1. Evaluate the following for GLY21: is it more than 24 Å from ILE189 (Cβ to Cβ) and either surrounded by 11 or more Cβ atoms within 10 Å (Cβ to Cβ) or touching a His at 6+ places or on another chain (Cβ under 7 Å) (or both)?
2. Residues in region 21-30: is at least one more than 23 Å from ILE68 (Cα to Cα) and assigned to a loop (DSSP other than H, G, I, E, B)?
3. For region 31-61, which residues satisfy the criterion of being assigned to a helix (DSSP H, G or I), within 28 Å of the chain's Cα centre (by Cα) and exposed (fewer than 10 other Cβ atoms within 10 Å of the Cβ)?
4. Considering only residues that are under 11 Å from GLY128 (Cβ atoms) and under 9 Å from the mean Cα position of the chain (by Cα), which ones fall in region 181-199?
5. Tell me, which residue of region 162-180 that is in contact with a helix residue (DSSP H, G or I) (Cβ under 9 Å, 6 or more places away or on another chain) and part of a loop (DSSP other than H, G, I, E, B) is surrounded by the fewest Cβ atoms within 10 Å (Cβ to Cβ)?
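What follows draws every value from the coordinates through simple rules; no lab data is involved. As the structure is a computational prediction, the values presented were derived from the model and not from experiment. As a convention, Cβ positions derive from the backbone with ideal geometry for all residues, glycine included, and neighbour counts pool all protein chains shown.
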Amino acid sequence: MSDKFTSIEAQASYGVGRQLGEQLAANSFEGIDISAVQLGLSDAFEGKESQVAMADLQTAFTEISQRIQKVQEAAAEAASAEGEAFLGENAKRDGIVTLDSGLQYEILNEGKGDKPSLNATVRTHYHGTFINGDIFDSSVVRDQPAEFPVSGVIAGWTEALQLMPVGSKWRLYVPHQLAYGESGAGAAIPPYCTLVFEVELLDIL
């Protein structure tokens, strides 16, 4: 620990800076000038006149916003195209069933129990990955089954669960329009992502 931050006030002040820095890092843009950020923060805190005209600030904000939007749109198009290509190849594999909605699944284990209705609540174990295999969520890793209404999950799950007898384990290949679509899901799942889930239907509650 640095000896510059020995007082409570100094430590709290540093903490404020850390929090602002973390927020900025999570919502940054290419070419950001941290020294200019620090100067703007200092000037605002001390009540000094802005060193950049308000019209120029607005122009700069608009330009940066447009750049960020273009980057996001390019990433979304790439993710969408990658997902479509993946599903197109995946559909050719033995054992893959493709439904009219675009949802694909393969049966890893076929259960013998009842199938849940749209209004049912179920208990499942699941393992969620991107198409490159990276895990984004897993009740298996947490060792804690998940319970939820069939109608309260992504469309791909809602459709698949109603086809699964209790005791089944399926692998679902969910196109973005049946998952989190153009919005994604926070920082965990970017927009337009095709997702893969191994789902084990444990029980209907």
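1. yes
2. Just the residues of region 21-30 that are more than 23 Å from ILE68 (Cα to Cα), to begin with: none.
Among the residues of region 21-30, not one is more than 23 Å from ILE68 (Cα to Cα) and assigned to a loop (DSSP other than H, G, I, E, B), which makes the answer no.
3. none
4. Restricting attention to region 181-199, the residues satisfying the condition of being under 11 Å from GLY128 (Cβ atoms) are 185, 188-189, 193, 195-199.
Correct list: ALA185, ALA188, ILE189, CYS193.
5. Going through region 162-180, the residues in contact with a helix residue (DSSP H, G or I) (Cβ under 9 Å, 6 or more places away or on another chain) turn out to be 162, 170, 172-179.
Those still in the list that are part of a loop (DSSP other than H, G, I, E, B) too: 162, 175, 179.
Values: GLN162: 14, PRO175: 22, ALA179: 23.
Across region 162-180, the extreme among qualifying residues is GLN162.
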